1. Going through the range 189-222 one residue at a time, which ones are touching a residue at least 40 places away in the same chain (Cβ under 8 Å) and open to solvent by 50 Å² or more (accessible area, probe 1.4 Å)?
2. Give the residues of the range 214-268 that are of a type in the set (Gly, Ala, Ser), more than 26 Å from residue 150 (Cβ to Cβ) and modelled with pLDDT of 90 or more, sorted by residue number.
3. Determine whether the range 292-300 contains at least one residue that is part of a loop (DSSP other than H, G, I, E, B), among the small types (Gly, Ala, Ser), free of Cβ contacts under 8 Å to residues at least 24 places away in the same chain and open to solvent by less than 30 Å² (accessible area, probe 1.4 Å).
4. Could we say that residue 262 is in contact (Cβ under 8 Å) with a residue 24 or more places away in the chain, closer than 28 Å to residue 175 by Cα, of a type in the set (Asp, Glu) and open to solvent by less than 40 Å² (accessible area, probe 1.4 Å) here?
5. Taking the condition in a loop (DSSP other than H, G, I, E, B), under 20 Å from the mean Cα position of the chain (by Cα) and either of a type in the set (Gly, Ala, Ser) or at pLDDT 85 or above (or both), does residue 158 pass?
6. Which of the residues that make up the range 194-212 are under 17 Å from residue 261 (Cα atoms) and part of a strand (DSSP E or B)?
7. Could you count how many residues in the range 159-183 are under 21 Å from residue 351 (Cα atoms) and either among the hydroxyl-bearing types (Ser, Thr, Tyr) or in contact with a strand residue (DSSP E or B) (Cβ under 7 Å, 6 or more places away or on another chain) (or both)?
8. Which ones in the range 286-320 are of a type in the set (Phe, Trp, Tyr) and within 24 Å of residue 339 (Cβ to Cβ)?
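The values are calculated or read from the model by the stated rules, or taken from the named source; none is laboratory data. Every value quoted in this text rests on a predicted model; they were computed, and no experiment measured them. Cβ: placed from backbone, ideal geometry, glycine included. Neighbour counts: every protein chain shown. These accessible areas exclude ligands, DNA and RNA; they are computed on the full protein's heavy atoms, side chains included. Shrake-Rupley method; radii C 1.70, N 1.55, O 1.52, S 1.80 Å.
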Amino acid sequence: MASSKQTVSPRPRFKSARQFWLRVSEGLAVSQLWSQFEKDARSSYRLYSAGLDDLQTKGSLPRRGWQIAKALFWAILEKLTPARRVLLLLALILLFFPGGGFTYINGDKHVEVQGLDLHFWGGLLMFVVLLLELADRVVMKRDLEIAKDIQAWLLPGAPLQIPGYQIAYATRPANTVAGDYYDVILRPGREPSADRILFVVADVAGKSIPAAMLMATFQASLRTLSTSGVALAELVAGVNRYACSNSAGGNRFTTAFLAELDPATGNVVYVNAGHNVPILRKKSGAMERLEAGGIPVGILAESAYQVGTTRLERGDWLVIFTDGVVEAVNGKDQEYGEAALIRLVDRESGSAPAELLRSLLAELDGYVGNTPQHDDITCLLLKRT
């Protein structure tokens with residue numbers, strides 16, 4: 001009598017568990033998950049501990065520890081709505097309250113009375129608070145993603161093709177949306193030989209949604225005024241007047257660097273409005289700093305701006321960046337620094353801007369490690385070939 005063999009799928013439970021884990025972890029390795037957790041933990045601690053540096057602690061070490069713990073507790077609690085604070089406090093009380101039942105003696109009999117499991121109800125309340133906060137986060141994340149898409153529409157796509165020049169640019173927001181802005185704008189002349197290219201990198205004071213909204217108004221005013229055909233000095237003055245009308249009395253200012261290039265000659269006129277000083281690296285290795293300008297836009301409506309001039313020769317680099325690049329910090333709270341940026345440009349001056357930009361971002365990643373990014377990072381590179 002012939003025997004039949006039945007094929008059984010190997011360890012279906014383990015297969016289901018693996019699929020569950022891949023879905024939860026999105027395929028990340030344990031080391032990647034731990035790295036992500038470290039970044040999240042440091043970022044959260046920085047959020048909740050803001051202001052603890054100003055806390056006046058006195059007395060013995062246990063007393064100072066108690067003061068810090070109390071301040072941190074209130075910092076966390078005040079991030080919640082009043083109703084959720086009450087729920088969280090009730091949950092903590094139930095979690096730390098002795099649970100179980102009690103026993104009493106009735107004559108010669110021991111009667112045990114089972115009470116409510118307070119720990120269970122405390123945990124349930126904590127779970128409810130978590131669900132409410134998660135719902136808010138999902139809604140906020142959806143809105144931020146929409147804002148991120150809108151902001152991406154405001155930034156240039158593929159680099160403008162300029163014969164004899166190569167361009168590369170990139171930005172990394174510290175949060176979902178950024179207060180940094182960069183642009184490359186063609187300013188047509190009456191004849192093709194009179195065309196000019198406007199390069200802009202700006203950094204709105206602050207981060208996230210408020211900075212992103214001001215960045216959008218800066219971009220709108222700049223784009224509108226750049227079509228009017230005015231000289232660069234008048235263009236910056238117009239942007240400044242508009243920024244002052246939306247800067248909350250100068251509290252919401254913007255640093256900016258604007259440079260207008262004549263592609264035929266390589267001549268550059270520029271205005272540095274309180275921005276990080278860009279680097280013009282000559283083919284010989286000499287460095288020129290583009291400092292002429294004035295104060296950030298949005299502070300003083302009638303501020304005057306000085307116009308600087310320079311020239312790009314073949315093999316020269318123009319490196320424009322925001323403070324998020326040179327002020328990126330590692331785990332020891334040490335800044336990346338402008339000297340490191342200059343060394344990188346020197347080392348890779350023979351490469352194309354896109355390659356140098358990739359090297360810069362990779363070097364920043366290696367330098368900061370798991371330290372959370374504290375500011376937006378933006379860099380624009382221009383090379384005359």
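1. Within the range 189-222, 193, 196, 207, 209, 210 meet the criteria.
2. Step one: of the range 214-268, the residues of a type in the set (Gly, Ala, Ser) are 216, 220-221, 226, 228-229, 231, 233, 237-238, 243, 245, 247-250, 256, 259, 264, 266.
Filter again for more than 26 Å from residue 150 (Cβ to Cβ), leaving 229, 231, 233, 237, 249-250, 259, 264, 266.
Passing the criteria: 231, 233, 237, 259, 264, 266.
3. Residues of the range 292-300 that are part of a loop (DSSP other than H, G, I, E, B), as a first pass: 292, 295-296, 298-300.
Among the residues that remain, those that are also among the small types (Gly, Ala, Ser) are: 292, 298.
Imposing the further condition that a residue be free of Cβ contacts under 8 Å to residues at least 24 places away in the same chain reduces the set to 292.
Among the residues that remain, those that are also open to solvent by less than 30 Å² (accessible area, probe 1.4 Å) are: 292.
Yes, the range 292-300 contains at least one residue that is part of a loop (DSSP other than H, G, I, E, B), among the small types (Gly, Ala, Ser), free of Cβ contacts under 8 Å to residues at least 24 places away in the same chain and open to solvent by less than 30 Å² (accessible area, probe 1.4 Å).
4. Numbers: in contact (Cβ under 8 Å) with a residue 24 or more places away in the chain: yes; closer than 28 Å to residue 175 by Cα: no; of a type in the set (Asp, Glu): yes; open to solvent by less than 40 Å² (accessible area, probe 1.4 Å): yes.
Here the answer is no, as residue 262 does not meet what is asked.
5. Considered against the rule, which asks whether it is in a loop (DSSP other than H, G, I, E, B), under 20 Å from the mean Cα position of the chain (by Cα) and either of a type in the set (Gly, Ala, Ser) or at pLDDT 85 or above (or both), residue 158 comes out as no.
6. Within the range 194-212, the subset under 17 Å from residue 261 (Cα atoms) is 194-201.
Listed by number, the residues that qualify are 196, 197, 198, 199, 200, 201.
7. Number satisfying all stated conditions: 11.
8. 317
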